[in-house]
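Reading through the structure tokens given below for one structure.
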Amino acid sequence: MAPPNTEDSELIYRSTAGGESIKQDNEPDGKFERHYVPPNLTIKEIRQAIPPHCFQRSTQRSLGYLLKDLSIIGLLVYGATFIDPLLPNILRLIAWTTYWFFVGAYGTGVWVLAHECGHRSFSPSRTVNNIVGWILHSALLVPFHSWRITHSQHHKNTANVYKDQVFVPKTRSELGLPPRKDDDDDEGHIFQDAPIYTLLNLIAQQLFGWPLYLIKNASSRSYPNSETKWINHYNPSAPMYTPSQYMDIVISDIGIIMAISTLTYLSFTFSLLTIVKFYFIPYLIVNHWLVMITFLQHTDPKVPFYRDEQWDFVRGAASTVDRHFGFLDDIFHKITSTHVAHHYFSEMPFYHAEEATKHLAKVLGKYYLFDDTPKFKALWRSYSTCKFIEDEGEIIFLKY
């Protein structure tokens, strides 16, 4: 198997020995695209490289992590009840900002544990996974089964431009850009000329991208043959779902209705402002981290996308980037730094994924992607340079 050309890549290909990395320029470059050779490994080869114990799930261990996260959030909420009565104005702002950051971070950790339930990696018991996942995700205004089903489709079709479910790239023609033969730079450079516009759109993505994905299937694949005009995660008849999944979607909707009803009751009991400060602002921060993590895992100028003839599961899973988020890695249960392993083996519990990643990096070699660019710099780079793919080609890369 020939390795890819990595002469101009800043994406880190973690070496098979010694943990060293190769780091170079990451600007989009047709040379890289022309010389890229996709991996030809089998899933059997990859799985054989992972120690068997990495696939063992423990309900007790998972519940321990959940109890820790919920306890920390509970202590933060309790502490926040003293902010307004006891602190002067300037200290209130500092205290509330601290509260929002950490509740948002640990709320993201809880979201990740619900995500584990959706993959059946939280527990060997399907019942435990369904109950815990439904409760946690409903509390975060996520329709558990509705998301679980489309997220499974994402894992089965990662980097397939026709079938993936998240951050599916637009084509040149879909964005109304000039045909490739008429574009002197072979790029759609109109996007470079409006940094303020780009920044405002990025902020909107970070705050509202997640609910828009649930409400209107934003950034997902299209369903041109669907009779359903409003495609969303709350409609049991949406084209993402089969008739046998109808009640799963209804149960998910019931969870959302119960959560919204509870928040409404609390807002009348305490005040709307209280709910905004204690719940809604941390909720927006959870949305931010969720969108940022997912976006950076699947969007980079050097991550290949595939059309059907060249796509397979192994290639799609390799189109995933691991990144470090500093101390947040532990709060986020390593979903940031072990996501490649998660895409190959989604039922592997997160607490084994770090060990599995070391073995996975060896078998993938230069196809294992790790980027150590500071996370917000990487976010801006990917958002400002990864705008579209060409209408032709079986292996394609994002351009701007």
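The values are calculated or read from the model by the stated rules, or taken from the named source; none is laboratory data. Given the structure is predicted, the values throughout are model-derived calculations rather than measurements. Using ideal geometry, Cβ is built from the backbone for each residue, glycine included, and neighbour counts are taken over all protein chains shown.
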(message) Quick check on my filter: what residues within the stretch 198-220 are of a type in the set (S, T, N, Q) and in a helix (DSSP H, G or I)?
(response) T198, N201, Q205, Q206
(request) Mind telling me which of the residues Y279, Y234, Y283 ends up being touching a residue at least 24 places away in the same chain (Cβ under 8 Å) and surrounded by 17 or more Cβ atoms within 10 Å (Cβ to Cβ)? (result) Y283
(request) Tell me, yes or no, whether the stretch 323-342 has at least one residue that is more than 27 Å from K170 (Cα to Cα), in contact with a helix residue (DSSP H, G or I) (Cβ under 7 Å, 6 or more places away or on another chain), buried (at least 18 other Cβ atoms within 10 Å of the Cβ) and among the aromatic types (F, W, Y). (result) yes
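Matching residues to (1) among the hydroxyl-bearing types (S, T, Y); (2) surrounded by fewer than 19 Cβ atoms within 10 Å (Cβ to Cβ); (3) at pLDDT 90 or above:
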site: I149; (1), (2), (3): no, no, yes
site: H154; (1), (2), (3): no, no, yes
site: P169; (1), (2), (3): no, no, yes
site: R172; (1), (2), (3): no, no, yes
site: L175; (1), (2), (3): no, yes, no
site: P178; (1), (2), (3): no, yes, no
site: F191; (1), (2), (3): no, no, no
site: A194; (1), (2), (3): no, yes, no
(request) Quickly run through the stretch 343-383 and pick out the residues that are buried (at least 17 other Cβ atoms within 10 Å of the Cβ) and small (G, A, S). (result) S346, A353, A356, A361, A378, S382
(message) Given the options L214, L272, L266, L202, name the one that is out of contact with any Cys (no Cβ under 6 Å at 6 or more places or on another chain), within 23 Å of N157 (Cβ to Cβ) and modelled with pLDDT of 95 or more.
(response) L214
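Okay, residues lined up against (1) farther than 24 Å from L113 by Cα; (2) of a type outside the set (K, R); (3) in contact (Cβ under 8 Å) with a residue 24 or more places away in the chain:
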{"residue": "Y351", "(1), (2), (3)": "no, yes, yes"}
{"residue": "K362", "(1), (2), (3)": "yes, no, yes"}
{"residue": "F370", "(1), (2), (3)": "no, yes, yes"}
{"residue": "P374", "(1), (2), (3)": "yes, yes, no"}
{"residue": "R381", "(1), (2), (3)": "yes, no, yes"}
(request) Count, please, the residues in the stretch 286-313 that happen to be in contact with a Gly (Cβ under 6 Å, 6 or more places away or on another chain) and either free of Cβ contacts under 8 Å to residues at least 40 places away in the same chain or surrounded by fewer than 17 Cβ atoms within 10 Å (Cβ to Cβ) (or both). (result) 0
(request) Confirm whether L41 is assigned to a loop (DSSP other than H, G, I, E, B) and touching a helix residue (DSSP H, G or I) at 6+ places or on another chain (Cβ under 7 Å). (result) yes
(request) Kindly list the number of the only condition in (1) part of a helix (DSSP H, G or I); (2) under 18 Å from H298 (Cβ atoms); (3) under 18 Å from the mean Cα position of the chain (by Cα) that fails for D330. (result) (2)
(request) Could you give me the residue pairs with C-beta distances under 8 Å whose first residue belongs to the stretch 242-260 and is more than 23 Å from V276 (Cα to Cα), whose second residue is exposed (fewer than 15 other Cβ atoms within 10 Å of the Cβ) wherever it lies, and which are 6+ apart or on separate chains? (result) Y246/S237
(request) All but one of (1) of a type in the set (G, A, S); (2) within 27 Å of P211 (Cβ to Cβ); (3) part of a helix (DSSP H, G or I) hold for A356, so report the exception by its number. (result) (2)
(message) So if I check each of Y78, Y99, which one is under 27 Å from G255 (Cβ atoms), in a helix (DSSP H, G or I), touching a residue at least 12 places away in the same chain (Cβ under 8 Å) and out of contact with any strand residue (DSSP E or B) (no Cβ under 8 Å at 6 or more places or on another chain)?
(response) Y99
